[in-house]
Amino acid sequence: MNKSLFKRLVLPLILLIIIAVFIHIFFKKADGFFLNLSTELIGILITICYVDWILREHEHQRWLSTDNRIIDRLQILLNATISGLRDGLCFGIDVFDERARNSRNAYAAHKDVIRVGEHIISPAALSRVKALDQAGWTKLARHIQKSHNSVLSFLNLFQNRLSPNQISYLLDMQESLDKSLTYYTIFPDIMGVPKDKLPKATTSPEELQQFGCESTANEIQKICILAKNLSESTDQIKA
């Protein structure tokens, strides 16, 4: 039952029932009228709740197949996002569990991808980002930009069938993907450049490079956490 129906109809009925019972108990001259009224109101309340449940169950069954397909696409989006970070940060496929990789079970493979994001990519994000050369930054940026566009497309297509939490997580992920490219976008001639070849500047290019790596790694860690949260949200829906 949605909040609007509860506030506008169910809650007033409950208050009327309480008032009717109170009057019946403390004002005996009412001669059972308010007791009968409260009984009628309880019957109406039960009917409303039952009809609401029937309609919601019907709607759930009508959309069940479509919602499951949307969840599958969301998991594919998360797989692609984490796998893009994995490739961009130069992790090989050996980080995946061989049993999950060879199981031909899409759900098991997805959970293993989320595990890699949380326990392998996230802890090593800063050291891996610092080790990137200019070609590596270009490759990582390409993966991140692709994921950023995919998240926006997914939201545009399916936001009406997503929960508020899922929409919030996806918006946060889109923001972190965008922020992770901030320093590379502004300073492409600094990120990944060897220290002995950094350009002369008023602001220390070494400091800018350090801040850029830390900022990018921090956003990558956020992306991995958000991917985990989104994955868990799909488990709750399918449960």
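Just so it is clear, none of the values below were taken in a lab; they were calculated from the coordinates. The model shown is predicted, which means the values in this text are computed figures rather than measured ones. So basically every Cβ, Gly included, is an ideal-geometry build from the backbone, and we count neighbours across all protein chains shown.
Data overview
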item: Test result for Arg128, closer than 17 Å to Thr182 by Cβ, assigned to a helix (DSSP H, G or I) and among the basic types (Lys, Arg); result: no
item: Qualifying residue in the stretch 131-151 (condition: farther than 25 Å from Phe187 by Cα, of a type outside the set (Lys, Arg) and in contact with a Ser or Thr (Cβ under 6 Å, 6 or more places away or on another chain)); result: no
item: Any hit, the stretch 148-163, residues being touching a residue at least 60 places away in the same chain (Cβ under 8 Å), β-branched (Val, Ile, Thr) and farther than 17 Å from Ser127 by Cα; result: yes
